[in-house]
Amino acid sequence: MTDPTPNSLAELAARHGPNYRWKVLATIMIGSIASVMSSTIVNVAVPDLIRQFAIGQERAQWVATAFMAAMTLSMLPTPWLLARFGYRHTYYGAVSLLMLGGLLGGLSPTYEMVLSMRAVEGLAAGVLQVVPSIVVLRAFEPGIQGRAMGIFGFGVVLAPAVGPSIGGLLVEHFGWRSIFFVVLPFGAIALLLARQLLPVAAPGGAKPNTDTPRLDWPGVWLAAIGVLVLLNGLVHLHDPSPVTAIVLLAIAVAILGAFAVRELRVSGPLLDLRLVRYRTFRMGSVVAFMYGMGLFGSTYLVPIFMQTALHFPPSQAGAALLPAGLVLAAAIPLGGHLADRIPPHLLVAGGLVLLTASFALMATVGADTALWVLMTWAVVGRIGLGLVLPSLSLGAMRGLPPEEIAQGASGISFARQLGGAIGISVVGVVLEWRLRAQGDAGGASLIGFAQTFWMVAGLCLLATLAALRMRQRRLDAGTPSSQG
């Protein structure tokens, strides 16, 4: 018997008409919005969690760390999941896991269970963050890929912009448990749309392959242990004695080195490091890692700077950053539009120059600086961010063969997320170091923050130099010249 339900990409496109690919983009956007909201909205509930479970700030921070670590790791097996189960079933599984984490997280009787459910949500979010780049590069021709990424980015960026506000209202009126339940309606809509619109096929149009080689479980464990030891080692850099941090970081380097050696030798790698033979991907990975460090590090730094050094109350700090968030939401579609007309490596480099300038200008802010000046410097950085986001994945992966796109998307996402996890820790360590070095002298806090902003600006400048090397040569992607 023939299955009356259309399952292939061609059958679904024929049923839903010429706008089918945009409907697919909307479907994966809803799932991504749910995952992004789950990553940001919980932060406003940290004080309530501290009171509810009688824990300290250092334990409460693991609400964010557990999510980020799990999200980073789950990006690696996503290509295997897509090849083994196809788009629809992989997406079903990720969204369902996200909803399960939200439901049980809101019902958790202990803090340990809250942390476990945050890790579950992070595992789902990592998969949901990789799929969009693969879909855009497979479903849209090069002339409109940038536009598609811009529209997708616009929707996803709105989630962290409104998430804290929604979370604050929910916590105030319904308690901290309510914010875990926010993902449930988004997940239900995403599942309904996925059933109608996502193909069962794997990337490339092939049927899901039950004979796909087994998942590289030794690689999964090496990556998981290496990343967790690395993040824990960075946390211990705050200790008075550096011995524990040095030992942990050395162990992490050894474990991650073993992971890299294994991935180069195994037949079905979790992370295909052989893609570094393509210059665009190699340089794109460097950009993604350093960009992640600068972006996530600054996201942590700027609000603390405004409240600690400039003594803004939280509400005023949030209001001061709101225009920058609105500008970012408008800049991303513009960046996507330009990505179809300007070489991606130039857009990425230009955006990173603006980010570098924004952080350098933040370093000049003093106690007497007018509020509008501070808001302007933040806007400059968000314009740069809007140029980078749609172009980075496109520029890094346009030189890859079609069969390598899934692995490339996973690798770029992993590099950016790992850079972000490291960036938050590095910025925190450098800030504490420079504040301690300045002592209690007048203006010491501003000087310490300024020096940290200069460090973040330096990271973005290094990423700019790598971005200029992302240029795709006018040769076939398989030639030695394009690979070297």
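Within segment 383-416, the only residue that satisfies the criterion of being buried (at least 24 other Cβ atoms within 10 Å of the Cβ) and either basic (Lys, Arg) or not assigned by TED's automatic domain parsing to the domain that holds residue 352 (or both) is 416.
Taking the condition in a loop (DSSP other than H, G, I, E, B) and either of a type outside the set (S, T, N, Q) or modelled with pLDDT of 80 or more (or both), does residue 206 pass? Yes: the conditions hold for residue 206.
Filtered by the rule that a residue be outside any loop (DSSP other than H, G, I, E, B) and surrounded by fewer than 17 Cβ atoms within 10 Å (Cβ to Cβ), segment 360-374 gives 371, 372, 373. Taking segment 388-443 as the range and being outside any helix (DSSP H, G or I) and modelled with pLDDT of 80 or more as the test, the residues that pass are 400, 401.
Counting only residues that are under 15 Å from residue 180 (Cβ atoms), of a type in the set (S, T, N, Q) and part of a helix (DSSP H, G or I), segment 80-121 holds 1 of them.
Going by what's in this entry, would residue 357 be described as more than 22 Å from the chain's Cα centre (by Cα), part of a helix (DSSP H, G or I) and farther than 14 Å from residue 149 by Cβ? Yes.
Taking the numbered list (1) touching a Gly at 6+ places or on another chain (Cβ under 9 Å); (2) surrounded by 20 or more Cβ atoms within 10 Å (Cβ to Cβ); (3) assigned by TED's automatic domain parsing to the domain that holds residue 377 in turn, residue 279 passes all entries but (2). Does residue 128 satisfy being within 18 Å of residue 19 (Cα to Cα) and either basic (Lys, Arg) or not in a loop (DSSP other than H, G, I, E, B) (or both)? For residue 128, the condition - within 18 Å of residue 19 (Cα to Cα) and either basic (Lys, Arg) or not in a loop (DSSP other than H, G, I, E, B) (or both) - is not met. Selection within segment 59-91: residues that are of a type in the set (A, V, I, L, M), farther than 18 Å from residue 216 by Cα and surrounded by fewer than 22 Cβ atoms within 10 Å (Cβ to Cβ). The member of this set that is modelled with the highest pLDDT is 66.
The values are calculated or read from the model by the stated rules, or taken from the named source; none is laboratory data. The structure presented is a predicted model; accordingly, all values stated were derived computationally and were not measured. Cβ: placed from backbone, ideal geometry, glycine included. Neighbour counts: every protein chain shown.
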